[in-house]
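Everything on this sheet refers to the single structure shown next.
The values are calculated or read from the model by the stated rules, or taken from the named source; none is laboratory data. These numbers come from a predicted model, not from an experiment. For neighbour counting, all protein chains shown are included, and Cβ atoms are generated from backbone atoms with ideal geometry for every residue, glycine included. To get the accessible areas, we keep the full protein, side chains included, count just its heavy atoms, and leave off ligands, DNA and RNA. Shrake-Rupley method; radii C 1.70, N 1.55, O 1.52, S 1.80 Å.
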Amino acid sequence: MIKGKHIILGITGGIAAYKSAMLARLLIKAGAEVQIVMTPSAREFITPVTLSALTGKPVVSEFFTANTGEWHSHVDLGLWADAMIIAPATACTIGKMAHGVADNMLVTTYLSAKAPVFVAPAMDLDMMAHPSTQANLDLLRSYGNHIIEPASGELASHLVGKGRMEEPENILRVLESFFSRGSELSGKKALVTAGPTYEKIDPVRFIGNYSSGKMGYAIAEELASRGAEVTLVSGPVSVSCKHSGVRVVKVESAREMLAASESVFDSADIAVLTAAVADYAPASPATTKMKREGNAVPTIELVKNPDIAAALGERKRPDQLVVGFALETDNEESNALDKIKRKRLDAICLNSLRDSGAGFAVDTNKVTIFTASGAKIPGELKSKREVAADVVDFISKSLRK
Ligand code: CTP
């Protein structure tokens, strides 16, 4: 899977830089073409001679070659790469990457790279645990970068804790599995609904709910990262989509979400319905702001919203796979099984508000997948990104059957 891939290996100034030579060698052995980009301080830890001998290419670390004036184009490098991996990534470089401080060849290349970027931090345990490092890593994650968590063990400071750069063999495995998954769903089209819907009461008020959209966005990005062509029909959310393979269609109300979903459903192979659609909408929203008049309390008449999942389930072909989500507070399993039948779903991912760490507005979730054929696949409490990977694993396996 790595064979023939163009990989930029970015090396920053940390003790773990000596391990980068091993990583370069493993990548070359796996058949990759490797271009090393070093920060000036990385050269204090490992020499460019060692690295260029391993990769067969001159190491790049300055914008120009001083004696010839030859310019090294970070833009060309960024476009050449199929993946960029920064290993080791120091707290300093992580901070620069997070905030666009483009004062060296490595960070400018990172900013120009169109390919997926992997970051393997290495630093002392207290630096790693510092809120600023963690906030910068969160920012990098939010830009769609892949963070390869450091391992725990003895550090260069002789302190023991989390901060050791992941071993080169394991970094290679992460890249291999990334490239092998990249084509798993190629040629497949997917529809994902996400977020809440807002149902207008008047021009300034609405009926809505707490859905953040994070689960749906994570699923859309995961499907796209495995090669699917994804349309994400999203209610109003503050999260944004990190993957260029996802087309986002913004809607507000359940009716708009239904129309946008129906327009792509027939050509989709997969539909994952994570949206928390409002069940009711005001029957006749006011066209001007409702005013408080004396002590009278207004009554808002509601009408039923369309059930998008049921509408799609109704027209589903046997070659299409439709997966719903259910957030329950009680009688979880029987409610979930009932929704599979009622909405003609192939599977439903159940999360219970009784599980702490699951549900709205948090970054974690715990889902159990129930299938129409009676299978039950329990899951652990994980980040929404990891839950998305599990759900897409399930989808991918089901399509292969
Ligand atoms: N759903 C939908 N359209 C609706 C309501 C729900 O597409 N109007 C989808 C959701 O996206 C989810 C599944 O149906 O995939 C279950 O959502 P849920 O709100 O639990 O279903 P309801 O039928 O509204 O059931 P409840 O009575 O529990 O609210």
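For the reader, a short list of remarks on this structure follows.
- Whether region 317-392 is rounded, prolate or oblate, judged on the alpha carbon gyration tensor where a/c under 1.5 counts as rounded: oblate
- A cut-off of 5 Å between modelled amide H atoms, ignoring neighbours fewer than 5 places along the same chain, links GLN35 with ILE7, ILE8, LEU9.
- Proximal lysines relative to LYS5, as straight alpha-carbon distance under 17 Å, when same-chain residues fewer than 8 apart are discounted: LYS29, LYS57, LYS114
- Length gained when the stretch VAL362-VAL49 is fully extended (0.36 nm per residue, less Cα-Cα span): 107.9 nm
- Derived value for the chain: Kirkwood hydrodynamic radius 23.4 Å. Basis is the mean of 1/r over every pair of different alpha-carbon atoms.
- Fraction of accessible area attributable to carbon and sulfur, the chain (%, probe 1.4 Å): 53 percent
- If you look at the Cα atoms of region 192-312, you get an Rg and a Dmax of 16.2, 59 Å.
- For region 151-171 versus region 305-338, the gap between their alpha-carbon centres in whole angstrom: 45 Å
- Rounded to 10°, Cα long-axis angle of helix 214-225 versus longest principal axis of the chain: 50 degrees
- Rg and Dmax of region 125-164, based on Cα coordinates, read 11.2, 33 Å.
- Cross-link partners of LYS200 among lysines (Cα-Cα below 24 Å; sequence separation of 8 or more within a chain): LYS214, LYS250, LYS289, LYS291, LYS304
- Extending 7 Å from Cα along the Cβ direction at THR299 and again at ALA115 yields two label points whose distance is 6.6 nm.
- Cross-link reach is defined here as a Cα-Cα straight distance under 26 Å, omitting same-chain residues fewer than 8 places apart; for LYS162 the lysines meeting it are LYS19, LYS96, LYS366, LYS382, LYS384.
- Reducing region 124-147 and region 39-116 to their Cα centroids gives an inter-centroid distance of 20 Å.
- Residue-count net charge about LYS200 - beta-carbon cut-off 12 Å; Lys, Arg +1, Asp, Glu -1: -1
- At most 16 other Cβ within 10 Å, DSSP loop - chymotrypsin sites (Phe, Trp or Tyr not before Pro), region 109-181: TYR143
- For the chain: accessible area per residue (Å², 1.4 Å): 48 Å²
- Volume per residue of the C-alpha convex hull in region 6-181, rounded to whole Å³: 105 Å³
- Distance between region 13-27 and region 231-298 - C-alpha centres, whole angstrom: 48 Å
- Square roots of five times the Cα gyration tensor eigenvalues for region 189-400, Å: 30, 19, 17
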